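Beneath this line is the structure, given in structure tokens, with notes to follow.
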Amino acid sequence: MTTIDPRALRNAFGTFMTGVTVVTSHDADGNPLGFTANSFTSVSLDPPLVLVCLANSSTNYDALTQANGFAVNVLSEGQKDVSNTFARPVEDRFEAVTWANGPHGSPVFDDVSAWFDCSMHQTVPAGDHVILIGKVEAFETSTAPGLGYSRGAYVTPAAEAEALRRGAKLIVSALISRGEEVLMVDDGLGGVTLPQMQVGSEGATAALNRLIAETGVPADPGFIYSVFEDGGREHQHISFLCQAGEGKPKTGSFTNLSKSTLMDVADPALNTMLERFVDENRIGVYGIYFGDQKSGKVRPIMSGS
């Protein structure tokens, strides 16, 4: 039997775009609990059933498998912070949201796309997870677009479309790495930069795919590595970290990010990002930068349960 690489399998699973939810309930003492999950699926209309998957290793395992119900809060595009909070070991996650007990008793959030308050219909052991099947006792929906998730990054198509409608200038760059080297191209001013282009009506994903195709090197589109607003250049910038396969690029070259190479990167925001990449690539642990061209925060890429 062929041995399956768990990391590769997880990456393959991650190509399926999902929504983002926070599953909530109460422990035996009545304290609210919750965790971020994208393993949410509708099961049946008659009876009305939904399911979520919970890792056997989760600290919430005993409380949820013994609970008489749970709620699923479908997060809206503006609730990425809520998703991040409930994916981390925060002392009081519920301080980040406005919530109340739903009609059946589990915590439901304000400003979500939808919530489903469920009684526990069945629990099904399944490998290293348990499937929680809930019967929908009450639900509520809104017009807020849902937050998406794919390949380790959030997807906000409605927000992106609105930005394009308003004429926002959005730049996409590709941080294409191969081992310790990164593909750098001529910036036209005597220095080097990352492959990049302005996004048109086709959207950021299509622009990224076109960038990769133009390099002539097979590469995985990867995940968002940095998002920042450059006030000086009056644009928004999204940089995707991509893993390259073998092959010689049509433009530019794969370069070790030495001090001399970094000195040739004129854009200070990209320079700082590449310095961070050197450090993170050395240990294989990456984060996502949010901010502007001068300052911001790096949030580690984590999965919650």
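The values are calculated or read from the model by the stated rules, or taken from the named source; none is laboratory data. Values in this document were obtained by computation on a predicted structure and should not be read as measured data. A quick note on method: Cβ atoms are made from the backbone with ideal geometry, for glycine too, and the neighbour counts reach across all protein chains shown. Ligands, DNA and RNA are excluded from the accessible area calculation, which covers all protein heavy atoms including side chains. Shrake-Rupley method; radii C 1.70, N 1.55, O 1.52, S 1.80 Å.
Exactly one residue out of Asp110, Asp81, Asp92, Asp128 is open to solvent by 50 Å² or more (accessible area, probe 1.4 Å), within 23 Å of the chain's Cα centre (by Cα) and within 20 Å of Thr18 (Cα to Cα), and it is Asp81. Of all residues in segment 95-121, those being closer than 16 Å to Leu33 by Cα and in contact with a helix residue (DSSP H, G or I) (Cβ under 9 Å, 6 or more places away or on another chain) number 6. Among residues of segment 38-59 that are under 13 Å from Thr21 (Cα atoms), those with a Cβ under 7 angstrom from a residue that is surrounded by 16 or more Cβ atoms within 10 Å (Cβ to Cβ) and small (Gly, Ala, Ser), sequence gap 6+ or separate chain, pair up as Asn38/Gly19; Phe40/Gly19; Val50/Gly134; Val52/Ala37; Val52/Ser39; Cys53/Ser39; Leu54/Ser305. Suppose we filter segment 1-53 for residues that are hydrophobic (A, V, I, L, M, F, W, C), in a loop (DSSP other than H, G, I, E, B) and closer than 29 Å to Ala144 by Cβ; how many remain? Final tally of qualifying residues: 3. Taken over segment 237-275, the criterion of being acidic (Asp, Glu) and within 15 Å of Gln196 (Cβ to Cβ) is satisfied by Asp267 alone. The condition of being β-branched (Val, Ile, Thr) and over 27 Å from Phe13 (Cβ atoms) holds for only one of Val74, Val82, Val124, Val108, that being Val108.
Evaluation of Val136 against the conditions (1) β-branched (Val, Ile, Thr); (2) over 21 Å from Gly222 (Cα atoms); (3) modelled with pLDDT under 90 shows that the sole unmet condition is (3).
If only residues of segment 168-197 that are of a type outside the set (A, V, I, L, M, F, W, C) and open to solvent by less than 60 Å² (accessible area, probe 1.4 Å) are counted, the one that is modelled with the lowest pLDDT is Asp187.
Of all residue pairs spaced 6 or more apart or on separate chains, those with beta-carbon atoms under 6 Å, a first member in segment 259-279 that is closer than 20 Å to Ile224 by Cα and a second member that is of a type in the set (Gly, Ala, Ser) are Met273/Ser226. Restricting segment 131-155 to residues that are assigned to a loop (DSSP other than H, G, I, E, B) and open to solvent by less than 40 Å² (accessible area, probe 1.4 Å) leaves a set whose member that is nearest to Leu75 (Cα to Cα) is Leu147.
For segment 234-251, the candidate set comprises residues that are assigned to a loop (DSSP other than H, G, I, E, B), open to solvent by 40 Å² or more (accessible area, probe 1.4 Å) and in contact with a helix residue (DSSP H, G or I) (Cβ under 9 Å, 6 or more places away or on another chain); within that set, the residue that is nearest to Lys169 (Cα to Cα) is Thr251.
Within segment 53-69, not a single residue is within 18 Å of Ser113 (Cβ to Cβ) and among the hydrophobic types (A, V, I, L, M, F, W, C). Scoring Phe228 on the criteria (1) in a helix (DSSP H, G or I); (2) in contact with a His (Cβ under 6 Å, 6 or more places away or on another chain) leaves a single failure, condition (1).
Just checking, which of Thr261, Thr272, Thr255, Thr205 is in a helix (DSSP H, G or I) and over 25 Å from the mean Cα position of the chain (by Cα)?
Only one candidate passes the filter, namely Thr261.
Only one of the numbered conditions (1) over 24 Å from the mean Cα position of the chain (by Cα); (2) part of a loop (DSSP other than H, G, I, E, B) is violated by Glu214, and that is (2).
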